[in-house]
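The structure under discussion appears below in the form of structure tokens.
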Amino acid sequence: MTEKSPIPKDPDADIHDDGDEPAFEWMKPAPKSAAADARPARAADGARDSSTKRVPEEGKPGAGPAPRAAAGEAVRPPAERPAAGQQPESRADRKAAEAAEAGPEPSLFAEPLPTSALQVRPPEAEVERRNHEREQAANAKPLAPRIFQVLLAVFYPVVLLVLAIRAVASPLFLWVEYYRPGFPGDGYGFNADDRMTYGSYALDYLSNWSGPRYLGELVNQNGEKLFKEGEVAHMADVKTVMLSAFGAGALMIIIGIIAMIYLRKRSTGGIRRGLFAGSIVTLVLILGLGTLAALGWQQFFTDFHHIFFANGTWTFALDDTLIRLFPGQYWMDSGIAIGALVFITALLTLIFTWPTRRRRGLSPKNQAVAEDSVGTDPEALTEAGAPEK
């Protein structure tokens with residue numbers, strides 16, 4: 001018999017019984033749970049002769065003729081087929097059994113059970129601590145409104161002082177000083193008109209962008225230079241201080257406007273609280289500085305110049321033009337005017353921002369809700385934003 005010759009038919013053997021069944025026992029894949037136990041069995045099955053045919057026992061009821069194998073194959077008798085609970089015979093059954101053993105595949109987007117986090121409850125102290133932190137976070141106010149309120153309170157006195165200085169350093173105040181009764185005259189020949197003309201040049205130089213030549217090239221009626229080099233240098237130093245103060249004040253005004261716009265949208269009553277605190281700070285500062293100036297004006301004036309100017313650059317003779325135009329009485333009146341302007345403005349701000357019941361951060365809508373809730377439920381007043389009593 002050759003390899004190409006057909007296999008003789010045998011009515012007792014069906015070679016097409018299970019085409020997917022492996023020819024040998026050791027070729028069957030063992031279950032995962034019994035992989036270690038199947039290794040000795042596979043070795044024993046591999047040692048068997050593939051040409052050996054198993055002969056069924058005769059004489060037992062139900063035993064038929066022994067099945068015959070094809071060339072190079074061995075046929076298992078029905079007694080050796082796996083029983084219930086063992087590995088299934090067909091490939092489809094084996095795959096179904098493996099899938100049943102492996103269990104359902106976990107979903108990639110499976111959500112945990114709602115009670116999975118409640119299986120282990122933390123200690124009572126930890127629960128109380130978390131509840132306390134949660135309440136604090138709920139009751140905490142945003143940080144940005146507080147920052148803008150502090151900026152308003154800090155910038156307000158500085159802005160008021162800069163604006164008051166700019167109002168005093170003007171030709172209008174100079175005219176009031178020169179023509180008011182009791183103002184000391186010039187003993188070296190300047191009348192009120194000369195003072196007004198030359199003093200206006202000096203004040204204009206402090207606020208414009210001209211160089212020292214603006215004052216250095218001025219001459220009097222005799223053709224002589226009006227200001228000496230030391231006077232021009234001191235006025236240049238004063239101009240630097242003045243322009244720096246004006247620039248800082250302008251920057252603070254811009255930041256203050258931005259803060260007011262933000263507080264108007266995000267914090268009810270935030271502008272009022274910021275200006276109220278700023279007015280208190282301004283009043284305290286102006287009262288303190290005013291007390292020092294009243295106790296010793298000359299010492300206060302000297303200490304002020306020591307802060308901004310070098311020694312020896314701001315002292316002049318009585319016949320110098322700066323002293324003739326701006327005597328000591330002028331600086332004393334200027335200090336009083338600046339202090340009065342700042343004090344009055346801060347006092348008015350304090351009055352108009354005083355935290356009355358009507359001004360405690362209530363919008364018209366909340367005010368109407370609060371008025372409707374009066375006498376009904378105290379908790380409703382709190383929820384509606386009613387002011388504290």
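Go through the residues of region 270-281 one by one and say whether even a single one is part of a helix (DSSP H, G or I) and within 14 Å of Thr321 (Cβ to Cβ).
No.
Can Tyr188 be described as open to solvent by 20 Å² or more (accessible area, probe 1.4 Å) and touching a residue at least 40 places away in the same chain (Cβ under 8 Å)?
Taking the combined requirement at face value, the residue satisfies it.
So which residues in region 191-247 are β-branched (Val, Ile, Thr), open to solvent by 40 Å² or more (accessible area, probe 1.4 Å) and assigned to a helix (DSSP H, G or I)?
Thr197, Thr240, Val241
Here is a list: Gly312, Gly288. Which entry is open to solvent by less than 90 Å² (accessible area, probe 1.4 Å), free of Cβ contacts under 8 Å to residues at least 40 places away in the same chain, more than 21 Å from Leu341 (Cβ to Cβ) and among the small types (Gly, Ala, Ser)?
Gly312
Please tell me if Ile257 is surrounded by fewer than 16 Cβ atoms within 10 Å (Cβ to Cβ) and modelled with pLDDT of 90 or more.
Yes; evaluated as a whole, the condition is true for this residue.
The values are calculated or read from the model by the stated rules, or taken from the named source; none is laboratory data. What you are looking at is a predicted structure, and each value in this text was computed from that prediction instead of being measured. A quick note on method: Cβ atoms are made from the backbone with ideal geometry, for glycine too, and the neighbour counts reach across all protein chains shown. What goes into the accessible areas is simple: the full protein's heavy atoms, side chains included, and nothing from ligands, DNA or RNA. Shrake-Rupley method; radii C 1.70, N 1.55, O 1.52, S 1.80 Å.
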